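Have a look at the structure below, then the notes.
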């Protein structure tokens, strides 16, 4: 254990040592006879797995990462197929604040090493996927993370044991049949199974995962793409200039990320097809449920679109199959296609998990993610956490939890939960006198990247001490776990609390919203609650909300109804430090919640009043020699 | 403006209320028979009666007007009645014919005036005429300039004149003048004319319906001199006259030496701004003349004060010569540099105009004050945000340079946040310190802006701002805990030049140390030098003392002596080892305190207590230290330095342990002008000095004053204190506990959201309407941030959005989303 931690701290030279130490670690005496034991097992050495490994390593925990590929980040060696990442690599913001700059760095993982920032790996705003592979490789190496490569976990099962932290151990079996026993299982395997929709003729489709990326192969062809996500548009973008036309078919309308404020929706970088569609350049978008359709091959080997319904009723000879245009001669997709490409996204690989784990799919919106609680712990088995892209059911189509720039923070939150649960380390916090309350909040809303990226999911919490003379500041708590705050953090919330959350305006974002409407931005502090763009919202609760209150909160509310709420008016520069526009109304809000005066005074103002006072809250400040300079 | 006019209204009302002699329960016109009427008349009380035939119409225009006049006349103590003349019961007041009915004014049962009903054509006329008749002596009606001059001459040196012109008797203006005369008629001579020629002859331009002048005759002693005249510029209405007269009564010019923000005069209550002319000792006379001239010009428009910069405790910008303060509560004080007195006048007049304009806006804003900065630190920082500081005098450190710098040289580091007001205010002091230390210190003055280098600050354990740390010789940094100001930080830095405790190696050096010779330049910053005396073998005691010295570093000089010959010193100062010697440099005294078995905390406590003086002069800076003792203060207020006899008396009392339950101190109003404000709170007016009070701040807030007629002697004081202790003295005032409550409310976004949510379902504005609006608006597309508030909160626009389902499930036919295709 300690050896391992030390190896990590030695940095790059430690790399060799780490390898050298592996056998030793595997031989570490297990509590009972049987498979080697580890406190923490991480599945997958992708960004989320490595991020978790980093936190475990820094805390000096007993852990191992299992990776089937020989190097980290194997997903990125193949995907995205056209190699351009759509996560921005903003190298300049005009600010020195490293925490702030992470708000606009969507690729870096969190670490203490400034060399491990993605901007040192690529100068492209939309970097090449190869750079990501190189980056992850460096991340694992430089930090000496303990990864077992070429180890494919084929089966995971549960072994009940009263001695175990969670009442059971996780038993992992690799491809060699070796077993590994873990107290806590952290699943960071991402979404690895291409989504397939079953319909007659689906065998004629090519998948995104295998389709040619060479535009020459599409020269002069009619192409039908199934799907309307980023992979569909990425594929289209690549061949837009060489095809006759591209038709894109999906169940629901296209969702533009700049309208939905969700980075998983269609990003502007790939949306050339929208342009050519609206400018009547033969390309087009259509909506239909894929499960209703069928594809048939005609005599020329071209593909015809028809309805499953027609297939079922008629005889099965190809020429006799009814086509929609037989009835409806202006049917949109009456042309024959040379290729049909399926770009329907990815699913979580449930296959390796034994039924005993009760790791079920069926999140709120989609079946592609395993079901987890707001704490990222599986609903089925205690001690199993899902990290990274696979954990996106928590904030699917809301926040950034499915992407590096989001899940790097949720991994940290999970690590903090585990530190408290298993090692008695309370959630990190700083304690300050109440005079620092306004400043503490202003500081975080202006630099915190976790709040900014994981808006609505992770929120800061201010726990007030008795009589509100002091407070504890907790960062980036999974906000849906608010009711369980005391148990998950080990901190006490007996005297009221503030929650600092970032929010877009209600009803502002959506696939059909006009996000450029006149009056979309709010400037007046009094109208702050109507702010549309991402802005800080502070909730005040006199008592910690109960689980019931969190669960049955009003629709559209990120949190249960508070005692009082404050919106800091949206800011064009996302710089919420304006003395009158931002800080003053915040101070008034805090003052009125706490029924106190939070102003600062020069010595002599109050001190020489010689009237009986309770303690002045601020340290004495001499009136400075203003204006002399 | 709105609230201030309300104030005036309130004041006006209360004045009228005071004049009420009689208040009837009924406000409507009572109808009586003549017999009954005369039986109700009371001696000295005025009554207005309309005699009419019993069979006359029950309503008429006159009766309506009379009915309306009942209430206002009652407020002036005048009852009103309608007397029905029944045929059998004739009275001489009952006219013979129906159309010759008259109105009579009685005082008691004496008839004063009779009015034909057409004279009393409306409610204004009724009140004007009635008051005019009643105030016959108070209001002189004149027709010629000669009349006016006669009155003026007769009143010079005696009384002021309220002169008014109205176009006609019975007008609303006439009524306003008469109402004012009712209140002020005994204070000022009211003079009234309806002659336009008279007005022309006194030089009034642009004659309107009515004019009101105030003639300042009382201060005119030379009969050949004309009385100064001030014309009221507002329309002639009761409240305006009231306000105008109030400002005429206020002192023309007040001299102050207080923070302009704290000054309060009648002008502010009346909603008028204050103009402070900044004066210095050297130019006081000239400034005063200027100020008087301005004051005359602004009489009735603003309050003018002379602000004495030299005795001012607060800083005002160096070049500012005029300070302007608007009447709104919480409005920031403006510091101006105006080179022409006319500019002052136009500023006031211009500002009044602006205020009026703001009034309209405020009506739908409701809470205009919430945006006004009421944090004085934030306010000064904001006001000086454009001032360039010579930041180059300190070294800015970054994540890259920090470690190398603090290792390479002894450094002071200010950790601050560029957006935080307290940080920026302190940065000013820090720069000031850099100027003071320029070229004299080996210590590097550096700063880290934590808004930029957040991680660095966190690593240095800085999580609040501002923080000052001293990094010396690679040792653990020492955090500065003193006041955030130049002087205190300077003291900290200077005292940190020597180690703490400093190791003294010879008896001679120890003597130099105690006499203050050794650290001559540091002694002014440490009123006490502490020397610990130990035998060489007292290791533990030495260790504890060293720890205590470390703890106290930067606040007091400490030294340690533990050579073999330590007994020479302990014998000389009568101390038993281990001992503390305290050298009080000001008094040239060395005292010794044994401290065997004292732990670190006790030593710190002993030294901290020793730093307190027995009878200190209280200043803004040291007050908190003495308040910390939690004892009632016995303060001697002195205008200038203290009489040595008083000091002696108090020190004797201290010595005899009579003052153990109190903290005796004194306050020099010359050094600490804020003391004036304190005295004003205690006594309302500034009492004669010197003066002794006992203030019990920590429990109850009672203030007791030593009888000013008694001489401040030991005996008298002792006697008084005994009585105080026995509860035989009663406090002159009890100070209310100052509670730290929110100065203003916050926006209640929760209810705004609720209001919007409850409106939403009922609002079925067709979406197309919105869209056409949007198209129109497209033409004037603004930059992102230029949105202007247009609607009040109640009708806040609700963002429209399409509720239709995004997923068009169950749509069997292939639907193309673009119909025209």
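All of the numbers you see were taken from the coordinates with simple rules; none came from a lab. This is a predicted model, so every value here is computed, not measured. As a convention, Cβ positions derive from the backbone with ideal geometry for all residues, glycine included, and neighbour counts pool all protein chains shown.
Remarks
- Chain A: C-alpha gyration tensor shape, a/c 1.5 cut-off, then a/b vs b/c: oblate
- Taking other C-beta atoms within 10 angstrom as a stand-in for reagent exposure, A:87, A:361 fall in the order A:361, A:87, fewest first.
- Between the Cα long axis of helix A:230-239 and the first principal axis of chain A there is an angle of about 50°, rounded to the nearest 10.
- The packing ranking of peptides B:249-255, B:557-563, B:384-390, B:578-584, highest mean first, is B:557-563, B:578-584, B:249-255, B:384-390, where packing means the average number of other beta carbon atoms within 10 angstrom of each residue.
- Separation of alpha-carbon centers, the stretch A:421-447 and the stretch B:384-412, rounded to whole Å: 27 Å
- Peptide A:520-530 shows a mean partner chain C-beta count of 6 within 10 Å per residue C-beta.
- Rel. contact order, % - alpha carbon contacts under 8 angstrom, at least six apart, the stretch B:212-297: 21 percent
- If both residues of a DSSP beta bridge must be in the protein assembly as shown, then about 55% of such bridges are antiparallel.
- Taking the centroid of alpha carbons for each part, the stretch B:620-659 and the stretch B:712-735 are 15 Å apart.
- One Cα centroid belongs to the stretch A:460-476, the other to the stretch B:198-254; the line between them spans 62 Å.
- Here, the stretch A:217-289 is characterised by an Rg to Rh ratio of 0.95, where Rg is the alpha-carbon radius of gyration and Rh the Kirkwood radius.
- The Cα-based radius of gyration of the protein assembly as shown, divided by its Kirkwood radius, gives an Rg/Rh of 1.08.
- Measuring nothing but how far apart in sequence close Cα pairs (under 8 Å, 6+ apart) lie, relative to its length, the stretch B:635-715 scores a relative contact order of 38 percent.
- Overall form of the stretch A:57-181 per C-alpha gyration tensor (a/c, 1.5; a/b vs b/c): prolate
- Going from the residue with the fewest nearby Cβ atoms within 10 Å to the one with the most, B:424, B:248 rank B:248, B:424.
- Shielding by partners for peptide A:435-448, expressed as the average number of C-beta atoms from other protein chains within 10 Å of each residue's C-beta, is 3.
- Axis of helix A:404-423 versus longest Cα principal axis of chain A: the two differ by about 60°, to the nearest ten degrees.
- For the stretch B:182-224: rounded, prolate or oblate by the Cα gyration tensor [a/c cutoff 1.5]: oblate
- Counted by neighbouring Cβ atoms within 10 Å, the residues B:606, A:404, B:734 run from fewest to most as B:734, B:606, A:404.
- In degrees, nearest ten, helix A:47-58 long axis to first principal axis of chain A (Cα): 30 degrees
- Approximate shape of the stretch A:166-308 as ellipsoid semi-axes (Cα gyration tensor, √5λ), whole Å, largest first: 37, 21, 16
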